[in-house]
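The values are calculated or read from the model by the stated rules, or taken from the named source; none is laboratory data. Just so we're clear, the structure is a prediction, and the values are computed from it rather than from any experiment. We place every Cβ from the backbone using ideal geometry, glycine too, and count neighbours over all the protein chains shown.
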Amino acid sequence: MVIAEEREFDADEMYALYDSVGWEGYTADAGKLCRGLRNSHLVLTARDEAGVLLGLARTVSDDEHVVYVQDVLVRPQAQRRGIGRALLDRLRERYAHCRFFLLSTDHPSTPEGERNHAFYRSMGFLSLAEKQMSGFGLPRNHGEQRATDGNAP
């Protein structure tokens, strides 16, 4: 396996990877997916010896104080072979100087979330609550809600 930083992305290849894990929010628009990848702070890919894309991790960061791991994904047929761990290990080394190394994942009440929580815990990650922190997010339709909410600031 070869892990490398990449800056250019083939839309069909990226679509196939994201589609393989069912991330429909990304596959609705392959062009937007590739623009998001290009606008990321860092994108690492994992490829087999033949160059086939097996997985990817990408970050959003100021490269000083905080890094947010936006995506970590591995093709289902390549999972449980250390690829996700290798990608995250490389990110942890790269951003060791940052005060905050954060990511979010599905809630553990879902099958996907349960697997993800076990994986991240095995790598030493703590929940925000365990770090005496909280996280917040707007609803997915926050732009529409804001436009129709007369009480919004």
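Things to note:
- If you filter segment 33-65 down to residues that are assigned to a loop (DSSP other than H, G, I, E, B) and in contact with a strand residue (DSSP E or B) (Cβ under 7 Å, 6 or more places away or on another chain), you find that the one that is farthest from Ala96 (Cα to Cα) is Asp48.
- Unmet requirement for Gly25, which otherwise passes all of (1) loosely packed, with under 14 Cβ neighbours inside 10 Å; (2) at pLDDT 95 or above: (2)
- When segment 70-85 is filtered for residues that are assigned to a helix (DSSP H, G or I) and either surrounded by 21 or more Cβ atoms within 10 Å (Cβ to Cβ) or under 14 Å from the mean Cα position of the chain (by Cα) (or both), the ones remaining, listed by number, are Ile83, Gly84, Arg85.
- Residues of segment 87-102 that are of a type outside the set (Lys, Arg), more than 9 Å from Ala57 (Cβ to Cβ), surrounded by 17 or more Cβ atoms within 10 Å (Cβ to Cβ) and out of contact with any Phe, Trp or Tyr (no Cβ under 7 Å at 6 or more places or on another chain): Cys98 alone.
- Qualifying residue in segment 120-139 (condition: within 22 Å of Gly25 (Cβ to Cβ), of a type in the set (Gly, Ala, Ser) and surrounded by fewer than 15 Cβ atoms within 10 Å (Cβ to Cβ)): yes
- Leading residue by the ranking (modelled with the lowest pLDDT) among those in segment 103-119 that are surrounded by 10 or more Cβ atoms within 10 Å (Cβ to Cβ) and hydroxyl-bearing (Ser, Thr, Tyr): Thr110
- Qualifying residue in segment 43-61 (condition: modelled with pLDDT under 95 and not acidic (Asp, Glu)): no
- Any hit, segment 30-48, residues being in contact (Cβ under 8 Å) with a residue 40 or more places away in the chain, of a type outside the set (Phe, Trp, Tyr) and loosely packed, with under 13 Cβ neighbours inside 10 Å: yes
- For Cys98, the criteria (1) assigned to a loop (DSSP other than H, G, I, E, B); (2) without any contact (Cβ under 8 Å) to a residue 24 or more places away in the chain hold in every case but one, which is (2).
- Candidate set: segment 1-22, residues that are of a type in the set (A, V, I, L, M) and part of a loop (DSSP other than H, G, I, E, B); chosen: the one surrounded by the fewest Cβ atoms within 10 Å (Cβ to Cβ): Met1
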